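Everything below concerns the one structure shown next.
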Amino acid sequence: MNNNIKEIRERKGMTRKELSEKSGIHYKKITDYENNYIKIENVTIGNLERIAKALECTIDNLIN
């Protein structure tokens, strides 16, 4: 699975801090996801849903 969180976030012109605030997920965890310190397949479905909603995309967009 590919992790597209950073690419989509940057395309939307959003900072990690903004994504953190909008999704309610701690900034450090967003950083860990984007840098693959936490593999995308290990991210909870709840957090994927929150990130997708904050980025106005689908979960499929985040992982494909």
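Since every read-out is calculated from the coordinates, none of them should be taken as a lab result. This is a predicted model, so every value here is computed, not measured. When we count neighbours, we look across all protein chains shown, and the Cβ atoms used for this are built from the backbone with ideal geometry, even at glycine.
So which pairs qualify, if the first residue must be in region 1-28 and touching a residue at least 24 places away in the same chain (Cβ under 8 Å), the second must be surrounded by 15 or more Cβ atoms within 10 Å (Cβ to Cβ) and among the hydroxyl-bearing types (Ser, Thr, Tyr), the Cβ gap must be under 9 Å, and the two must be at least 6 apart or on different chains?
Asn3/Tyr33; Ile5/Tyr33; Lys6/Tyr33; Ile25/Tyr33
Those residues that are among the charged types (D, E, K, R) and touching a residue at least 40 places away in the same chain (Cβ under 8 Å), I need them from region 32-64; list them, please.
If the condition is that a residue be among the charged types (D, E, K, R) and touching a residue at least 40 places away in the same chain (Cβ under 8 Å), then Glu41, Glu56 are the ones that fit.
Considering only residues that are more than 14 Å from Arg50 (Cα to Cα) and acidic (Asp, Glu), which ones fall in region 1-37?
Those that are more than 14 Å from Arg50 (Cα to Cα) and acidic (Asp, Glu): Glu7, Glu10, Asp32, Glu34.
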